[in-house]
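Working notes, beginning with the structure itself.
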Amino acid sequence: AKSYFGNLGPATGAVELAATLIALKQRTLPATLNYQTPDPECPVNVLAVNSPIENLNAMVINQSLTGQIASLLITGN
């Protein structure tokens, strides 16, 4: 979701959680905005188009600038 919103500072966790819940409800992972040409030397799996999902489990992880980290596991049906 970061390609859609950028860095929202303290609101990032809430927005990413909302985006994750919407993706699970729609059973679709959103594509990365402005992604056009993959770099063959970059091993990161980037979605160029929306992708359907069957596994309704997700983990949202957020980290503050001072090092605190929070993680939330979500499962849907």
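Extending 7 Å from Cα along the Cβ direction at residue 32 and again at residue 5 yields two label points whose distance is 1.9 nm. Start at zero, step by 10 Å, and the Cα-Cα distances of region 1-50 spread as 23, 46, 28, 3 percent across the bins. Note on residue 18 and residue 42: with the Förster distance fixed at 30 Å, the Cβ-Cβ geometry gives a FRET efficiency of about 0.60.
Quick note: the coordinates plus some simple rules give every number you see, no bench work behind them. Remember, it's a predicted structure, so these values are computed and weren't measured experimentally. FYI the Cβ positions are ideal-geometry reconstructions off the backbone, even for glycines, and counts take in every protein chain you see.
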